[in-house]
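Have a look at the structure below, then the notes.
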Amino acid sequence: MQNVFLAVITLSTLSVTTLVAQGGKEITKVGTTVGQFLKIEVTPRASALGGTFSAIADDVSALYWNMAGIAGINRNELLLAHTNWLEDLKYEFGGVVMPLGDFGTMGLSVMSMGTEDMDVRTVEQPEGTGEKFAVGDLAVGVSYARSLTDKFSIGFTGKYIRETIWHMNASTFALDIGTLYRTRYHGLTLGMSVTNFGGKMKFEGRDAIAYINVNPGKNGSNDKVVSDIRIDEWALPLVFRVGLSAEPIANDLHRLTIAVDALHPNDNTESVNIGAEYVFEDFVSLRGGYKALFRRDSEEGLTLGGGIKYGIGKNDIRVDYSWADFGRLISVQRWSLGIVF
């Protein structure tokens, strides 16, 4: 176990060292991956903390950030979250976690984003052709996590990913892996995760069909020969996260949690997120954070939010809200409702 912990610490140190050393000359690779909706934070609590949740990971949203965290959940939990994303897009998340005793913990998550039907417009018919089209994204994941010791847990998520635009769609499968190491020193916790490790996606469908004339001007030729437009395959947005969290204050009345996450994506520069959460009497929570430190050309920054936890019999109801600054793109707001039963 000590060897595992030392290996995790070494990897974390190397990651942070690389982040600092690379400076500003690397190629960002922005816009080179598909499935960008997979990078959108799914719940207000983690978002309000600036996206610093890979080492906290103590509720259903761990299914997105670090699935190893669900191993520490000892009651059934359900969470529904809604995000008013940019350009009036609606982003939904649903997750449920079920502890199974000595067998471990199972989880199920669904993420979806889409648009309302829009008019199809062409150069010849700028007012619309009478047809409608829409865009939709979907990811469904099944997770499993288990505590290997009283301090160390590991988790996995297998998920199906699909994107659709009009008559075209692309799909693939991916795997998420996470680990969590909790110490007894002021709640100090180290979390690591790799998300969206999987196959490439290629759009296919009738919109990729074109009609050509193979031998124009020749007798018997016509312009109705069916051909397929060649479309490239694109990788998923792979993200490696390393996080630390601690509780410098933890008693029956007050709890203060501070956290930091370092991110290494395959389609952008590295960045660091920071956040803090204050909880009073396990009832009211106040949260704040800052996102995308050191990321080149980022519009993200300050995040704020809060929540309330209310007990009804043996069950708990949790309501959370967050606001995130997006610079010139204004802001993003999230809401969630959680039930512990």
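The values are calculated or read from the model by the stated rules, or taken from the named source; none is laboratory data. Here the structure is a predicted model, which means the values were calculated and not measured. With ideal geometry, Cβ positions are generated from the backbone for all residues, glycine too; neighbour counts draw on all protein chains shown.
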Report summary line: Flagged in region 195-231 as of a type outside the set (Gly, Ala, Ser) and within 29 Å of the chain's Cα centre (by Cα), in numbering order, are THR195, ASN196, PHE197, LYS200, MET201, LYS202, PHE203, GLU204, ILE231
Query raised in the report: What residue, of ALA71, ALA81, is of a type in the set (A, V, I, L, M), outside any strand (DSSP E or B), surrounded by 18 or more Cβ atoms within 10 Å (Cβ to Cβ) and under 21 Å from the mean Cα position of the chain (by Cα)?
Result: ALA71
Query raised in the report: If you take the residues in region 173-204 that are in contact with a Phe, Trp or Tyr (Cβ under 8 Å, 6 or more places away or on another chain) and more than 17 Å from ARG241 (Cβ to Cβ), which one is surrounded by the fewest Cβ atoms within 10 Å (Cβ to Cβ)?
Result: PHE173
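Residues checked against (1) in contact (Cβ under 8 Å) with a residue 40 or more places away in the chain; (2) over 21 Å from HIS82 (Cβ atoms):
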{"position": "THR105", "(1), (2)": "yes, yes"}
{"position": "ASP119", "(1), (2)": "no, yes"}
{"position": "GLN125", "(1), (2)": "no, yes"}
{"position": "ALA145", "(1), (2)": "yes, yes"}
{"position": "PHE152", "(1), (2)": "yes, yes"}
{"position": "PHE156", "(1), (2)": "yes, yes"}
{"position": "ILE161", "(1), (2)": "yes, no"}
{"position": "ALA174", "(1), (2)": "yes, yes"}
Report task. Consider GLY50 carefully, then state whether it is outside any strand (DSSP E or B) and closer than 22 Å to LEU180 by Cα. Result -> yes
Query raised in the report: So, in region 29-46, of the ones that are over 15 Å from SER298 (Cβ atoms) and in contact with a Gly (Cβ under 9 Å, 6 or more places away or on another chain), which residue ends up surrounded by the fewest Cβ atoms within 10 Å (Cβ to Cβ)?
Result: VAL42
Query raised in the report: For region 249-263, how many residues meet the condition of being assigned to a strand (DSSP E or B) and either more than 19 Å from the chain's Cα centre (by Cα) or at pLDDT below 95 (or both)?
Result: 7
Report task. Among what's in region 285-340 and is touching a Pro at 6+ places or on another chain (Cβ under 8 Å) and of a type in the set (D, E, K, R), pick the residue that is farthest from VAL96 (Cα to Cα). Result -> ARG334
Requested in this report: For ILE330, state whether it is over 18 Å from the mean Cα position of the chain (by Cα), modelled with pLDDT of 95 or more and under 25 Å from GLU92 (Cβ atoms).
Outcome: no
Report summary line: Filtering region 297-334 down to residues that are surrounded by fewer than 18 Cβ atoms within 10 Å (Cβ to Cβ), in a strand (DSSP E or B), of a type in the set (D, E, K, R) and touching an Asp or Glu at 6+ places or on another chain (Cβ under 8 Å) yields LYS309, ASP325
Query - Hits in region 82-110 - residues which are of a type outside the set (Ser, Thr, Tyr) and touching a helix residue (DSSP H, G or I) at 6+ places or on another chain (Cβ under 7 Å) - result: LEU86, GLY95, VAL97, GLY104, GLY107
Report task. Please name all residue pairs, on different chains or six or more residues apart, with Cβ atoms under 6 Å, provided the first residue is in region 204-217 and is part of a strand (DSSP E or B) and the second residue is surrounded by fewer than 10 Cβ atoms within 10 Å (Cβ to Cβ) and not charged (D, E, K, R). Result -> ALA210/ILE229
Report task. Output the number of residues of region 264-296 satisfying the condition of being charged (D, E, K, R) and in a strand (DSSP E or B). Result -> 3
